[in-house]
Amino acid sequence: MSKKKSGSHGIVYSTDPSFRLDEDLPAEVTAPPTQQWLKIKLDTKQRAGKAVTLVEGFSGRKEDLEDLGKKLKTHCGTGGSVKDGIVIVQGDQRDKILQWLLKNGFASTKRI
């Protein structure tokens, strides 16, 4: 059995009267699409020569990034994932992704 408790974060006692757990901090806010600076690029490094399209530069909550990744993968009809703040879509989908992002309000998107 695990002795870790999900709510304590390893803190047993603090003598600091102004100490607050991370749970008390305000949640990260996702910027609106017009303020997002996204970059779309093609990558083949460490993928056995297979091409993938990367979408970088998203600022906001992880859930919103995963939602964006799901919408892009559905629009392109391919697989992919979201890792380390980057949306990865299988294949060379730069044109489709750029059109979808521009249509949905991400005006500051560049294709690299």
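Computed from the coordinates by the stated procedures, all read-outs in this text should not be read as laboratory data. Owing to the predicted nature of the structure, the values given are computational and were not obtained by experimental measurement. We place every Cβ from the backbone using ideal geometry, glycine too, and count neighbours over all the protein chains shown.
Brief remarks on what is shown
- Matching residues in segment 58-78 - criterion: being touching a Phe, Trp or Tyr at 6+ places or on another chain (Cβ under 6 Å) and over 18 Å from LYS96 (Cβ atoms): LEU65
- Scan of segment 90-112 for residues that are surrounded by fewer than 18 Cβ atoms within 10 Å (Cβ to Cβ) and touching a Pro at 6+ places or on another chain (Cβ under 6 Å), ordered by number: GLY105
- Qualifying residue in segment 78-89 (condition: surrounded by 15 or more Cβ atoms within 10 Å (Cβ to Cβ) and within 14 Å of ILE112 (Cβ to Cβ)): yes
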